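FYI, it's all coordinate maths here, none of it is from the lab. Owing to the predicted nature of the structure, the values given are computational and were not obtained by experimental measurement. No Cβ is skipped: glycine too gets one built from the backbone with ideal geometry, and neighbour counts run over all protein chains shown.
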Amino acid sequence: NSKIVSDLAQHLVTTYYRVAYNINYKNPLLGQIRSMYQQTFSFTKVSIQPFIKFTNHEISDDEVSLITTYFSGALYNVDLLNRNQHTPSVMVVCSSGIGTSRLLLSNLSSHFPSVNFIGPFSTFQYENSDLSDVKLVISSVNVPAKNADIPVLVVPVIPTPDDWQTIADSLERNKIIGSSKSTITIDSLMDIIASYARIEDPNGLQQALSEYINQTNFQKATPLTPSTELKARNNQFVSDHHDWLSAIHTSLSPLIKKDIITQQYEDTIINLTEAHGPYMAIGNGVMLAHAKPNEGVNGLGVNFTLFKHPFNLAESGKLINLVIGLAPIDQHSHFEFLETLLKFIQNKDWINQLKVISSEEEFLQLLMDSKLA
């Protein structure tokens, strides 16, 4: 955008003279900018390398933080100009724009068709977006709230039934949807049934009704279906103990050896986990290890590694025993595979089968029976 370039050029002129004449600038908001604009700050630091080379002077983080605010402000103004509609929205944020974030967006739209979900946005886009028409932010990673009136709800990319309840509660609390709580109570159902039939086991019936209503409201039953053309290759069963770093290395090694990904991709996954926490843990002891296509992907691929002894992901308390290494080449090629995978991960019987596997042969057989490999 020519306006962004023009505005930044004006600001960089003053930066140049401060740097050239050794005028020290101290930004009292340095810590706050680093926290609120983590990715923008990092991108700015990389982007000004030609400017540093031109001035032949190192530039302090105080100066970088000032340039960050200029850059962010310019992006914000462009975003504001490009927004024509001001429909109350729910912004969906993910660390990357690959299929996992689109899967979350698709599932949200499916569960709450009346809600205007927008995105998915990367954390960088979120940091520099106008939120004037946003009432709630739903994110798969921890991001700071930009506005005290706009709450941020952090959920896994594959929400559990409890997560769906939390999302529904948040949408209701922020007056985005009406109340989803049924006016039908278990007690009223019990009274009606008792009027027409003798109840032999009232406690059992009460529990069964409760489970049925909860399942109807929050778990749309989806039959398991065959996978797509994308199949998992180079799958492994690991019987020895690992910490989380060595577990990720072990899981991704086959993809590196096949030149499907580079070492950069593994490093990026580790760095993202350290920076944003265990958001790649998608529930039921499963980790979807992934990053963006331009961060070291040479070809589309996926593999499964089952650990007999679960490991603690980034010391978060989340125990992982299945790592799915995903190498995406775009936002679409693996999307159908992820939809199929989701059905297995949410299926308790399939997860229970994983937990009792004791050999690589058993593991590979389960994947083939599931048409995942």
field: Residues Lys146, Lys371, sorted so that the one with the fewest Cβ neighbours within 10 Å comes first
entry: Lys371, Lys146
Table column - 3J(HN,Hα) (Hz), region 281-298, Karplus curve with 6.51, -1.76, 1.60, x for Gly and Pro: 6, 9, x, 6, x, 10, 10, 9, 7, 8, 8, 7, x, 7, 10, x, 9, 9
message: If you take every residue apart from Ala247 with its C-beta less than 13 Å away from the C-beta of Ala247, what net charge results, scoring Lys and Arg +1 and Asp and Glu -1?
response: -2
message: Let me check I've understood the local charge: for Ile357, count other residues with C-beta under 14 angstrom from its C-beta, Lys and Arg +1, Asp and Glu -1. What total comes out?
response: -3
message: Quick check: net charge around Lys146, other residues with Cβ under 12 Å of its Cβ, Lys/Arg +1 and Asp/Glu -1?
response: -3
query: Of the beta bridges DSSP finds with both residues in region 288-330, what % are antiparallel, to the nearest 5?
result: 80 percent
message: Using a 7 Å offset from the Cα along the Cα-to-Cβ direction at both Glu274 and Ala208, what is the distance between the two label points in nm, to one decimal?
response: 5.5 nm
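Mind ordering 30-38, 248-256 by average Cβ neighbours within 10 Å, highest first?
248-256, 30-38
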task: Indicate, rounded to the nearest 5 percent, the antiparallel portion of the DSSP beta bridges found entirely in region 237-373.
output: 65 percent
message: Quick query: amide H of Ile282 versus all other amide H atoms, modeled in the peptide plane; which residues come in under 5 Å with a sequence gap of 5 or more or a different chain?
response: Met287, Leu288
message: I'd like the distance separating the alpha-carbon centroids of region 344-372 and region 235-278, in whole Å.
response: 21 Å
